[in-house]
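A short worksheet on the structure shown next.
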Amino acid sequence: MNPSRRTTLLQAAIAAAAALTPLGRAALAQQASSTAARASRAPRLAATLRIVIPANPGGGWDQTGRALGTALVAAGAADQIEYENVGGKGGTIGLAKYAEKYGSDPNTLLIGGMVMVGAVALQKPAVDLGHIQPLARLTSDYLVAAVAARSPIRNAKDLADALRADIRAVPVAGGSAGGVDHIFSGVLARAAKANPEGLVYKPFAGGNEVVESVLAGSATVGLSGYSEFSDAIAAGKLRAIGVSARRSVFGLPSFREQGLDAVMANWRGVLTGKAVPASRAAEMLAAVEAATAHESWLRTLKQNRWEPSWLAGKDLAEFMELDLTTARVMVYLLKLKA
């Protein structure tokens with residue numbers, strides 16, 4: 001593949017990934033306006049539901065899963081929620097365990113998202129997305145790049161200069177290999193006109209570990225969602241230098257506004273087992289939809305600054321298929337390694 005063809009494909013992949021995230025404000029307004037109507041249709045699923053979270057506690061998936069569980073109880077879909085964290089390899093370990101143990105369980109949900117899609121594209125595991133069925137996309141989020149407060153890197157230009165000077169001397173910490181953080185680190189390297197093949201990427205199963213890695217000095221830059229960095233930023237331990245949106249969000253300038261054409265959005269959703277009957281999957285979807293209209297869920301969106309990004313049915317299946325294709329293209333073009 002010639003260089004111009006690779007560049008064209010990369011630009012198309014990045015544009016597709018960014019374009020598939022709806023405008024948060026409009027979505028939030030639409031979601032809030034239909035709260036009462038959807039809440040009235042909440043079905044009772046079971047006394048106890050289980051949510052499998054394929055990541056360690058403290059990260060974005062963990063926050064999403066527990067917020068959804070709280071909202072499901074508040075909406076009357078269940079009396080209690082059992083949470084099961086299974087971290088590692090971008091969610092593929094949890095995916096495999098879920099498919100084996102809960103593939104036909106009508107009372108167990110799985111959290112997933114773009115990180116899992118990227119991990120599947122990179123690792124090509126035996127158990128992939130064909131072993132589950134998606135229910136709904138719930139949220140979209142942007143990535144924040146942060147450095148330790150003592151770091152000489154203060155903005156996107158400083159980061160680009162450091163990457164061009166010696167990319168191996170700027171290790172990046174983020175989520176699991178192949179996930180959105182990993183892919184975006186390669187996008188940043190290309191935008192800075194550095195060689196992505198020299199990138200030193202340190203994958204972690206949870207956001208807390210990313211923060212600790214940056215603070216300890218084993219990584220120069222951390223990549224994660226704002227909600228996972230917010231406490232350390234507020235405490236003055238980390239300094240945010242840019243966000244992966246097209247425009248400023250979270251009170252932070254985007255990389256694009258600072259001269260680096262690096263744009264990417266993350267998404268998180270909920271899935272169920274491949275062998276769960278269609279009628280039960282429909283009930284689960286209705287319960288999740290009602291939960292996302294509940295006050296507790298809307299409060300979590302605001303608190304974590306997540307964008308509501310509801311998508312279900314055929315549209316979601318087509319979106320995930322395109323997302324997987326995009327991830328495969330970017331893994332190839334950025335020469336990412338597991």
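Here, each number is a calculation from the coordinates, and none is a lab measurement. Every value quoted in this text rests on a predicted model; they were computed, and no experiment measured them. Cβ atoms come from the backbone with ideal geometry, glycine included; neighbour counts cover every protein chain shown.
Straight-line cross-link reach from residue 335 at under 25 Å between alpha-carbon atoms covers these lysines, not counting any fewer than eight positions away in the same chain: 89, 124, 157, 193, 202. Pick from 186, 59, 76 the residue whose mean-square fluctuation is largest in a GNM of the chain, springs joining Cα atoms under 10 Å. For the chain, modelled as a Gaussian network with Cα springs under 10 Å, the answer is 76. Straightening the chain between residue 261 and residue 124 buys 46.4 nm, computed as 0.36 nm per residue apart minus the Cα-Cα spacing.
Could you work out which residue, out of 185, 176, 213, moves most in a Gaussian network model of the chain, that is, has the largest mean-square fluctuation with Cα springs under 10 Å? Comparing 185, 176, 213 in the GNM, the peak value goes to 213. Among the GluC sites (Glu not before Pro) within the range 158-241, not one is in coil by DSSP while having at most 11 neighbouring Cβ atoms inside 10 Å. For the chain, averaging the sequence separation of C-alpha pairs within contact (under 8 Å, six or more residues apart) and dividing by the residue count gives a relative contact order of 30 percent.
What number comes out for the charge environment of residue 194, summing +1 per Lys or Arg and -1 per Asp or Glu over other residues with Cβ under 12 Å away? Here the charged neighbours net out to +1. Got a sec? Which residues in the range 49-71 would a label at residue 299 touch, if it sits 7 Å along Cα→Cβ and we count backbone N under 18 Å? It comes to 63-71, nothing else. Annotation: the chain has a Kirkwood hydrodynamic radius of 20.0 angstrom, from the mean reciprocal C-alpha pair distance.
Per residue, the Cα convex hull of the range 142-258 amounts to 85 Å³.
In the range 43-156, Cα pairs under 8 Å separated by at least six residues give a relative contact order of 28 percent. In the range 96-239, a dipole from Cβ-located charges (positive for Lys and Arg, negative for Asp and Glu) runs towards its positive end, and of 125, 173, 102 it is 173 whose Cα lies farthest in that direction.
The stretch between residue 80 and residue 161 holds 24.1 nm of extra length on full extension. This uses 0.36 nm per residue minus the Cα-Cα distance.
Remark: the chain carries a charge dipole of roughly 660 debye about the Cα centre, counting +1 on each Lys and Arg Cβ and -1 on each Asp and Glu Cβ. Indicate the helices, whole DSSP H runs only, in the chain that combine a mean Kyte-Doolittle hydropathy of -1.0 or more with a Cα extent along their long axis of 18 angstrom or more. Span-like helices, by this rule, are 3-19, 60-74, 278-291, 313-333. A simple count of charges around residue 321, restricted to other residues whose Cβ falls under 15 Å of its Cβ and scoring Lys, Arg +1 and Asp, Glu -1, yields -1.
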